[in-house]
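The values are calculated or read from the model by the stated rules, or taken from the named source; none is laboratory data. Predicted model only: the values in this text are computed from it and were never measured. Positions of Cβ are generated from backbone atoms using ideal geometry, with glycine treated the same way; all protein chains shown enter the neighbour counts. Note: accessible area is taken over every heavy atom of the protein model, side chains too, but ligands, DNA and RNA are not part of it. Shrake-Rupley method; radii C 1.70, N 1.55, O 1.52, S 1.80 Å.
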Amino acid sequence: MRAGCLVVVAFGCSKPHTVGVADAALPADSAPADSSPAFDASLDAKPDAYVTYASPRCTTAPTVLFDATPNTAGNIAIASDVLYVGVFEGSAGMIVSIDPSTGEQVDPPFATPGQPWLWSDGTDVIATTGTAIWRLHPGAAPSELVSGRTAPFLAIDDSQYLYWTEEGSVWREAIAGGSATSVLSCTDPTTLDTDATNVYCAGINSSIAVGAKDGTGTPTGVDCPLIYPVASMVRDGSELYALDLYPMWRVWSAPTPTGPCTVFDQSTAYGRAEGLAATSDTFYVVDSFAGVWTIDRTTMAATAIYSEVGLGDNPIAWHGQLFFEAPNPNVAGQTYVMRCID
């Protein structure tokens, strides 16, 4: 999704930890064609939800936590104290679980048909892989939640239901089992989120669709004067924040469920927004043209904390650490997962 020393937050590189991915060859089976939209922005489920963890300032040089070579890191998600990395090469993929402090492998790699897409609910990671949706829990074997679908893409869950995008709709199925039902139309989705009563789905058509989680009532949209697609969304309480692909990217703020939107902050330089994460006092924006930025949520002061090109996807702020993807400076098309701390 998405050299100098890579990506988001911090400077410098250290010798990467190799956690067996290079040695664990990806299966060469033929997988279904990638069903994601023909669109070069970061496509992902919502970033890890707002939490009360300390905001990483990245005052130390970043280090390479995980080297995906010879594969490409697609996106990352954290559950409990394990960092999951979706990697792929051609039509084969894999989910690797690593210790976020050491980069050492925690559980055996999980082979997938094509690129996996990951999202965390804090305790588990939900992954879409080919025609199925899986739950990954640290220390346990992956469990299949949904199978036999056509092309599930983005997936998230709550305490009772699983939600995912597929073929122009958001679908829902009880975690305990049952039949899937369509609850909202959403063409070419880029990011997905929920609150207690609604599901939110942003698409390439520069809109954010809103509908009841059970599919009842009349779907509507967030009142937001978007003219570019949304790359990422974060919901914090009753406020929804969206990062768009405007050439001078903007973070929009909207009270749920329907807004209206206002511009919370905007870049003063040209860039390409790729990912968004939040803590209680800071936003983290990944710009594939310029690097990683922090935005103070009180003063709205924006600060570049790492300058590099080719960055991508949603970063993760966790216990005073920031994780992000970055290009391998030595091998075109290959990626690292970087980490910086205070």
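Some points to look at:
- Inter-residue pairs, beta-carbon under 6 Å, first under 14 Å from Ala79 (Cα atoms) and among the aliphatic types (A, V, I, L, M) and in the stretch 117-140, second open to solvent by 40 Å² or more (accessible area, probe 1.4 Å) and part of a loop (DSSP other than H, G, I, E, B), 6+ apart: Leu136/Pro142
- Qualifying residue in the stretch 175-188 (condition: among the β-branched types (Val, Ile, Thr), under 20 Å from the mean Cα position of the chain (by Cα) and open to solvent by 10 Å² or more (accessible area, probe 1.4 Å)): yes
- Single residue of Leu154, Leu118, Leu145 found to be under 21 Å from Ser182 (Cβ atoms), open to solvent by less than 10 Å² (accessible area, probe 1.4 Å) and either of a type outside the set (Asp, Glu) or modelled with pLDDT of 95 or more (or both): Leu154
- Scanning the stretch 269-287 for residues that are open to solvent by less than 10 Å² (accessible area, probe 1.4 Å) and in a loop (DSSP other than H, G, I, E, B) turns up Gly271, Thr279.
- Count of the stretch 211-233 residues which are β-branched (Val, Ile, Thr) and surrounded by fewer than 23 Cβ atoms within 10 Å (Cβ to Cβ): 4
- Once the stretch 288-301 is narrowed to residues that are at pLDDT below 90 and assigned to a strand (DSSP E or B), the residue that is farthest from Trp252 (Cα to Cα) is Gly291.
- Residue match in the stretch 282-297 (condition: under 22 Å from Val82 (Cβ atoms) and of a type in the set (Ser, Thr, Tyr)): yes
- Residue match in the stretch 46-62 (condition: in a strand (DSSP E or B) and either surrounded by fewer than 15 Cβ atoms within 10 Å (Cβ to Cβ) or at pLDDT 50 or above (or both)): no
- Residue ID - nearest to the chain's Cα centre (by Cα), chosen from residues in the stretch 302-337 that are among the aliphatic types (A, V, I, L, M) and in a loop (DSSP other than H, G, I, E, B): Leu311
- Of everything listed in (1) open to solvent by less than 50 Å² (accessible area, probe 1.4 Å); (2) more than 19 Å from Trp171 (Cβ to Cβ), the single unmet condition for Ala127 is (2).
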